[in-house]
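> Before I ask anything, here is the structure I am working with.
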Amino acid sequence: MSAPTLSPRKATRPRPGHSGPARRDSAREEFLRAVRRNISAHGFLIGAVLCFSLFSWYPMVREFILAFQKNEDGKTTWAGWSNLTYVFNDPAFWQAWRNTLLFTVLALLLGFLVPFVIAVVLNEFRHGQGYLRLLVYLPVMLPPVASVLLFKYFYDPGYGLFNRILAIFHLPEQQWLQDTTTSMLSVVIAATWMNMGGATLIYLAALQGIPGELYEAAELDGAGLLRKIWHVTIPQTRLILSLLLLMQIIATMQVFTEPFLLTNGAGPEGSTTTVVYLIYQYAFNFNNYGSAAALGLVLLVVLAGFSAVYVRLSRSSED
Amino acid sequence: MRSAGLRRTRRISRASAAALVTALALTSLASCGTSSSKDDDSSSSSKGSSDPSAPLDPKTKVTISIDCMPPAAKAAELREWNEDIKTFNEKYPNVTINGKSTPGQCNEPPRFTAMLKGKSQPDVFYAYFSDLQQVLDNDGAEDISAYVTDKTVPALKDIQTQVVDVARKDGKLYGLPTSNYTMGLMINRKLFTEAGLDPNKPPATWEEVRTAAKKIAGLGKGISGYGEYSAGNNGGWHFAATQFGLGGDVVDASGKKAAFNDANGKQVLQQLHDMRWEDDSMGKTQLLKWGDLQKQIASDKLGMFLAAPDDIAYMVQQLGAEYETFGLGPIPGAEGTLFGGNNYLIKKGSSPDQIKAAIAWLNFKNLTPGKGQFDWARTKADKLPVGLPQPNFFLGESKTKDDAARAENATMPVENFKAFMDNPVPGKAEPPKAQEIYKILDNAMSGVLTNKNADVDKLLSTAEKQVNQVLANQ
């Protein structure tokens, strides 16, 4: 009972000296035998390919086509670059990019650092780590809508918890989500709280994989906490940190749920409108699928660029 | 390499041809299975239904699916729907009506857009007045001009032209109305009385609104005098209504240029800014959207907001408020008011008999005084709201008849809406590209309601530039 394996392609390559129909027949038989031998693997493969084709690749191709089409008075026509021109000329486009980049930077500062620091602290505890892990992960298990409602209450300038706390210390009330200067930061804080559990657990797993001897050696050399983090923890977790950084950049640039739920998508004077929310607006509020697809393409190109640069940099640093 | 590629291409094209043939075969099989009505129609249309203006032959066998059947949670409305089908079937025994119900609102824009794109709308589908262009862009509706006549819709002559015209484009009619609304000023009578104001005289000008709002907010306990939306495109929608009330406009007559960067537009934003920041009469929580103000006024935390009469039904039925709490006046300024509503359109590709059956049903259910939605005696018996000023799209004899039946069966104190009823304000349709414009104007509204130092002129000129851009891209 050996596990099914996909036959290497060279097994079907004809031997020299054989030619014509006989060679083809044996190749076909070989191929059919290989298929029969790997029937269950091919079955799984077909299922996966069908699912990906239907739910990933087809929409991607369709989206690409839509970006160059227009629907007017019942006719679908080719629109050339006009959807892209429309998108680039929309003042909301630049505002959405500014907001998205601001969100990404703030989310990286907070959403990347905070879980790492929490993981380092958690890792230091010898007892009750299981409970602490559960506590940190708990917010992730809350449905996003429940978390958002909670934060909406915290942030409310009329009766919100945060302003009550500020009042205790005789500090001035803040408008939080309702002020253009604080709205995005408020969204990031809520988003970080909602999502940090997962990242913390990944960091913690990476930290626990670091051999204890390294810390002991560092201690013998007289290293304090910060030096241990700098010289042992960070180099040992560099790979996982870089991977999460890349994933976080890609995820934060596609942010939608938190600003959509916390500020109805736009925020004061559009200060929390993100690129993905603008895509949603184009498609579902304005019925402008062409522009939505065009903006989707722009986002794809930008994200692909980020990923390429990152991969390049990480390769060269490994060399 | 090349020949292998060609072979592959040929194989692929053979495979796609086979797939195409299979798909076509399946499609034709599927259409055999699902559109029995169409098969029946073709036979019946050969029996004299070729004249579109002739009413549906009662012998015709036809099936239509219809949007917006009340969900099970609305037991009384659902019972009425089923009763109506029964009565309708007495005259048209061979018409099968398949109701499609949705849990929330009958038309949620994202779902509606997706439905049109997927061509999955029911044969008779529900739309807002402002949806027509979107439907036509997606080739979604049949031209029913030839089918709608005095014979098929006897009350047609009594329906306000403005209401029917909403479903017209380039002289062709695509739908029939089921309800309409105009915006007015909703007040909480309880808070008016507590603040020493006369609830029978809702404020008629913005100065009066401002004074009343200050007094109501003075009651304390977290009560706001006046409330306004500034998110979810609702802020822009109310900006348009307020602007109409002052005699202003959103888009000029050509439909190509923004027309709100004027004294009226400035007044709209400035008065909201001043009420929010100088008078502190609008509460601290802003960025509100549809539903938020209704909750506030239903829980006696808000004195006034711009609304349509059917909001009262929502607040009573869904939020547990009492009809007695609310009053209604005309929109402040009263130079014009935003009007809108809902209609039913018929899916493109429907057979002539399906169109006729749909019109017969819509006529019976929605357009006949004393029947269907206008059977006020039954509505009263089912403990549903009777006495709201709208829908009110009839004129002449039909209006007289309907008004009398409505007054006779009223389940609420209709005198509370006297100011609104006695001072009708001319309605103005929503601008072209309404949702895109509203979204831009949301920013101007949120600007003055969330920023004490908002620059009204700048907000207006930025919005103007953006709206002009949207209109130029029509």
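The values are calculated or read from the model by the stated rules, or taken from the named source; none is laboratory data. What you see is a predicted model; the values in this text were computed from it and never measured. A quick note on method: Cβ atoms are made from the backbone with ideal geometry, for glycine too, and the neighbour counts reach across all protein chains shown. Accessible surface is based on the protein model in full, side chains and every heavy atom, while ligands, DNA and RNA are left aside. Shrake-Rupley method; radii C 1.70, N 1.55, O 1.52, S 1.80 Å.
> Go through segment B:68-100 and count every residue that is open to solvent by 60 Å² or more (accessible area, probe 1.4 Å) and within 24 Å of residue B:132 (Cα to Cα).
Result for segment B:68-100: 2.
> Here is a follow-up. Could you please find all residues in segment B:234-261 being open to solvent by 10 Å² or more (accessible area, probe 1.4 Å) and either under 19 Å from residue B:330 (Cα atoms) or within 14 Å of chain A (Cβ to nearest Cβ) (or both)?
Correct list: B:234, B:237, B:246, B:247, B:249, B:258.
> Among the residues of segment B:103-138, which ones are touching a Ser or Thr at 6+ places or on another chain (Cβ under 9 Å), open to solvent by 20 Å² or more (accessible area, probe 1.4 Å) and within 12 Å of another protein chain (Cβ to nearest Cβ)?
B:108, B:111, B:114, B:134
> Pull up segment A:30-87, narrow it to residues that are open to solvent by less than 60 Å² (accessible area, probe 1.4 Å) and part of a strand (DSSP E or B), then point me to the one that is farthest from the other protein chains (Cβ to nearest Cβ).
A:69
> Still on this structure, please answer the following. Do we have any residue at all in segment B:196-204 that's open to solvent by 10 Å² or more (accessible area, probe 1.4 Å), aliphatic (A, V, I, L, M) and either in the same structural domain as residue B:68 (by TED's automatic domain parsing) or touching a helix residue (DSSP H, G or I) at 6+ places or on another chain (Cβ under 7 Å) (or both)?
Yes; the residues of segment B:196-204 include at least one that is open to solvent by 10 Å² or more (accessible area, probe 1.4 Å), aliphatic (A, V, I, L, M) and either in the same structural domain as residue B:68 (by TED's automatic domain parsing) or touching a helix residue (DSSP H, G or I) at 6+ places or on another chain (Cβ under 7 Å) (or both).
> Tell me which residues, restricted to segment B:431-464, are of a type in the set (D, E, K, R) and either open to solvent by less than 30 Å² (accessible area, probe 1.4 Å) or within 14 Å of another protein chain (Cβ to nearest Cβ) (or both).
B:433, B:436, B:439, B:442, B:452, B:455, B:458, B:464
> Kindly establish whether residue B:193 is out of contact with any helix residue (DSSP H, G or I) (no Cβ under 9 Å at 6 or more places or on another chain), assigned by TED's automatic domain parsing to the domain that holds residue B:219 and closer than 25 Å to residue B:422 by Cα.
Here the answer is yes, as residue B:193 does meet what is asked.
> Among the helices (runs of 4 or more DSSP H) confined wholly to segment A:152-233, which include 1 or more residues that are open to solvent by 70 Å² or more (accessible area, probe 1.4 Å) and either within 14 Å of chain B (Cβ to nearest Cβ) or closer than 29 Å to residue A:99 by Cβ (or both)?
The qualifying helices (runs of 4 or more DSSP H) are A:161-168, A:183-208.
> Filter segment B:315-355 down to the residues that are within 22 Å of the chain's Cα centre (by Cα) and free of Cβ contacts under 8 Å to residues at least 12 places away in the same chain and list them by number.
Residue satisfying the conditions is B:318 alone.
> Given the condition within 14 Å of another protein chain (Cβ to nearest Cβ), part of a loop (DSSP other than H, G, I, E, B), at pLDDT 95 or above and touching a helix residue (DSSP H, G or I) at 6+ places or on another chain (Cβ under 7 Å), answer yes or no: does some residue in segment B:265-280 qualify?
Yes, there is a match, as at least one residue in segment B:265-280 is within 14 Å of another protein chain (Cβ to nearest Cβ), part of a loop (DSSP other than H, G, I, E, B), at pLDDT 95 or above and touching a helix residue (DSSP H, G or I) at 6+ places or on another chain (Cβ under 7 Å).
> Just the residues that are within 14 Å of chain A (Cβ to nearest Cβ) and of a type in the set (A, V, I, L, M), please, taken from segment B:139-165.
B:141, the sole residue that qualifies.
> Please enumerate the residues belonging to segment B:296-314 that are within 20 Å of the chain's Cα centre (by Cα) and either without any contact (Cβ under 8 Å) to a residue 40 or more places away in the chain or within 14 Å of chain A (Cβ to nearest Cβ) (or both).
Within segment B:296-314, B:314 is the sole residue that qualifies.
> Let me ask another. Pull out all pairs, ordered by first then second residue, where Cβ-Cβ is under 6 Å, the residues are six or more apart or on different chains, the first lies in segment A:88-99 and is within 12 Å of another protein chain (Cβ to nearest Cβ), and the second is open to solvent by 20 Å² or more (accessible area, probe 1.4 Å).
The qualifying pairs are A:91/B:466.
> A further question on this structure: How many residues does segment B:421-441 contain that are in a helix (DSSP H, G or I) and modelled with pLDDT under 95?
Residues in segment B:421-441 being in a helix (DSSP H, G or I) and modelled with pLDDT under 95: 9 in total.
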